[in-house]
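Comments concern the structure below.
The values are calculated or read from the model by the stated rules, or taken from the named source; none is laboratory data. Note that the structure is a prediction, hence the values are computed from the model and not measured. Cβ coordinates were reconstructed from backbone atoms using ideal geometry, including for glycine residues, and neighbour counts include every protein chain displayed.
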Amino acid sequence: MRILGLDPSLSCTGWGVIEKDGSRLRHVANGQVKTDARAPLAARLAQLADAVAAVAAAHCPDQAAVEEVFVNDNAQSTLKLAQARGACLAALGQAGLAVSEYAPRLVKKSLVGTGAADKAQVQAMLRVLLPGATIAGADAADALAVAITHCAFAR
């Protein structure tokens, strides 16, 4: 099974593709989609949707997994994150992929054992689970973590 994981953000969306064969995981690819903060919102969302569609077309995943919205004190930031997730979900839907969503705390708990894990702990566990993988950045690492979480919870 090939899984595309996404960590949506308007500024930098991380993506990661892994394959699961029985209990084995294999890194396929990962990267980040960055948008220009000076561009109009609609253009940034379109760029994000196009990039996610291109990743799906290039790597032909069987399923997709997306991190849920992390609600914070800044309502504007939460709204922009939700809009970025919407663009990602629309692109995945147009690609015909089944999409599962996971809370950030569940992703951390499934990889590290605690929902309060920090990014360094998640990245350390990724090095164990996906040895030899070169990770494009923190957002790509989070996306790979979402994909691995999906392996643990997908039916």
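Against the definition (free of Cβ contacts under 8 Å to residues at least 24 places away in the same chain, touching a helix residue (DSSP H, G or I) at 6+ places or on another chain (Cβ under 9 Å) and either farther than 18 Å from Thr35 by Cβ or surrounded by 18 or more Cβ atoms within 10 Å (Cβ to Cβ) (or both)), how does Leu126 come out, yes or no? Criteria met by Leu126. If you go through the stretch 60-69 one residue at a time, do you hit one that is over 13 Å from the mean Cα position of the chain (by Cα) and free of Cβ contacts under 8 Å to residues at least 40 places away in the same chain? No: zero hits.
Here the stretch 17-54 is the region considered, the condition is being closer than 18 Å to Ala87 by Cβ, in contact with a helix residue (DSSP H, G or I) (Cβ under 6 Å, 6 or more places away or on another chain) and among the hydrophobic types (A, V, I, L, M, F, W, C), and the residue that is surrounded by the fewest Cβ atoms within 10 Å (Cβ to Cβ) is Ala53.
Every test in (1) more than 16 Å from the chain's Cα centre (by Cα); (2) buried (at least 21 other Cβ atoms within 10 Å of the Cβ) is passed by Gly14 save one, and that test is (1). Take Leu130 and decide whether it is modelled with pLDDT of 95 or more, out of contact with any strand residue (DSSP E or B) (no Cβ under 7 Å at 6 or more places or on another chain), under 20 Å from Leu25 (Cα atoms) and among the hydrophobic types (A, V, I, L, M, F, W, C). In short, no.
Residues are listed down the side, and each one gets a yes or a no for (1) of a type in the set (Gly, Ala, Ser); (2) modelled with pLDDT under 95; (3) within 19 Å of Ala154 (Cβ to Cβ); (4) not in a helix (DSSP H, G or I):
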position	(1), (2), (3), (4)
Leu6	no, no, yes, yes
Gly14	yes, no, no, yes
Leu25	no, no, yes, yes
Asp36	no, no, no, yes
